[in-house]
Amino acid sequence: MIDNLDYPVQLIQPDGARVCRPEYDRLIANLDRDDYLSLYRDLVISRRIDTTAVTLQRQGEIGLWAPLLGQEAAQVGSARALEPDDFAFTSYREHAVAYCRGVPPHALTVLWRGCAHSAWDPEQFNVTNPAIVVGSQGLHATGYALGAHLDGAEIATIAYFGDGATSQGDIAEALGFAASFRAGVVFFCQNNQWAISEPVSLQSRTPISHRAEGYGIPSYRVDGNDVLAVLAVTRKALAHAREGSGPTFIEAITCRMGPHTTSDDPSRYRSDTDMAQWRARDPIERMRLFLTSRGLLDDKVATEIASAADEVASVLRRNTIGFPDPPPSALFDHVYTGPHPLIDHERAQHQEYLASFDNQEVVS
């Protein structure tokens with residue numbers, strides 16, 4: 001079953017007008033004013049975390065950053081659909097997912113400052129540290145979902161990846177395995193139009209969601225700049241997984257408004273005209289228009305949210321710059337869950353090597 005491949009699910013138009021879709025409206029019928037404002041707050045703060053991190057990189061405080069600009073609704077909407085026991089498997093761009101799961105913002109930046117190999121305990125927040133190997137998290141999410149099912153846990157997993165990852169063998173293997181064993185995993189593809197410099201039109205001649213059809217996996221296409229639509233569709237897919245009905249594939253249509261990473265120059269491969277069309281579909285502005293048109297957001301609340309974002313940015317900057325460098329021995333921490341003779345031997349060798357410099361005279 002493939003739903004809305006040609007016309008992605010949309011509940012809020014770019015001008016803020018609400019679209020009536022009974023099948024999906026019921027999935028978000030429980031939302032009240034506080035919920036709507038909380039979603040908007042997460043959108044605003046997620047963008048501020050991202051722009052602050054870009055600034056930190058430009059100032060030499062972190063080595064690299066993969067901006068999420070433009071993809072906030074896809075990430076916030078899907079992350080907010082998760083239950084506490086569900087587990088998220090992310091790539092290097094899902095900063096908003098991590099934030100919504102409770103990860104401190106500075107834990108995201110210290111990874112790119114080189115101060116930590118693993119900035120948080122995945123079991124504490126039920127979200128993994130970023131997967132750098134493109135597409136690998138699809139396999140991890142599938143395996144975790146199968147293991148949870150064997151343990152009798154009624155949870156779901158979600159694997160985040162981009163359109164480029166769908167050309168990786170790991171994603172193909174994960175889809176095939178998940179389909180065969182009915183793993184309770186949601187494959188959440190953020191089609192942000194570009195795999196670095198390769199446009200999605202070159203990468204796939206058909207909608208990416210069509211690929212799931214070949215595996216017998218139900219698929220949805222959703223407006224990835226519409227936080228309510230993403231929330232509704234992801235809730236539906238997660239419920240499908242938790243009840244033991246197997247995997248689902250979601251293609252969220254969005255756009256990576258910034259560079260692939262801060263080492264990329266997107267002006268070399270895409271036009272400002274194309275970006276202007278996507279700027280008109282900005283996910284935060286869309287939600288703001290929706291809320292104000294319904295009298296749910298006024299200047300006072302908007303100012304409070306902006307102030308909260310300012311505070312998050314200030315703390316993020318302070319904690320990133322002030323984060324202590326780890327000792328050299330940290331290289332050997334967490335390689336195994338417990339002591340290991342090989343690691344102990346290598347640690348001792350490393351300490352001996354460092355000690356050899358202690359009494360050397362410095363020649364200028």
Please give the net charge around His95, taking every other residue with its beta carbon less than 14 angstrom from that of His95, where Lys and Arg add +1 and Asp and Glu add -1. +1
Could you list Ile49, Ile208 so that the one with the fewest beta carbons within 10 Å of its beta carbon is first and the one with the most is last? Ile208, Ile49
Return the percentage of antiparallel bridges among DSSP beta bridges fully within the chain, rounded to the nearest 5 %. 10
If packing is taken as the average number of other Cβ atoms within 10 Å across a peptide's residues, how do 248-255, 73-80 rank, most packed first? 73-80, 248-255
So, counting K/R as plus one and D/E as minus one, what does the shell of residues with Cβ under 9 Å around Ala229 add up to? -1
Between Gln13 and Arg294, with labels modelled 7 Å along Cα→Cβ, what's the label distance in nm to one decimal, could you check? 1.6
Treating each Cα of segment 2-326 as an identical point scatterer and ignoring solvent, apply the Debye formula and state log10 I(q)/I(0) at q = 0.13 Å⁻¹. -0.94
Return Trp278, Trp112, Trp120 ranked ascending by Cβ neighbour count within 10 Å, so the fewest neighbours appear first. Trp278, Trp120, Trp112
Given 20 °C and 1.002 mPa s, how large is the Stokes-Einstein diffusion coefficient of segment 54-101 in µm²/s, with Rh as the Kirkwood radius over Cα pairs? 180
Relative packing of 63-71, 264-272, which averages over residues the other C-beta atoms within 10 Å, highest first: 63-71, 264-272
How many percent of all Cα-Cα pairs in segment 204-281 sit more than 15 Å apart? 66
FRET efficiency, 1/(1 + (r/R0)^6) with R0 30 Å, evaluated for Thr51 and Thr273 via beta carbons: 0.80
Ascending count of other beta-carbon atoms within 10 Å, so fewest first, for Tyr24, Tyr36, Tyr353: Tyr353, Tyr36, Tyr24
Where is the GNM fluctuation largest for the chain (alpha-carbon springs, 10 angstrom cutoff): Asp15, Asp344, Asp121? Asp344
7 Å from Cα along Cα→Cβ at both Glu123 and Asp358: what's the point-to-point distance in nm? 3.6
Only helices counted: for the chain, with every DSSP H run of 4 or more residues adding -39500 (n - 2.57) and the sum spread over all residues, [θ] at 222 nm is -14000 deg cm²/dmol
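Laboratory data are not the source of any read-out in this text; all were calculated from the coordinates shown. Since the model is a prediction, treat every value here as computed from it, not as a measurement. When we count neighbours, we look across all protein chains shown, and the Cβ atoms used for this are built from the backbone with ideal geometry, even at glycine.
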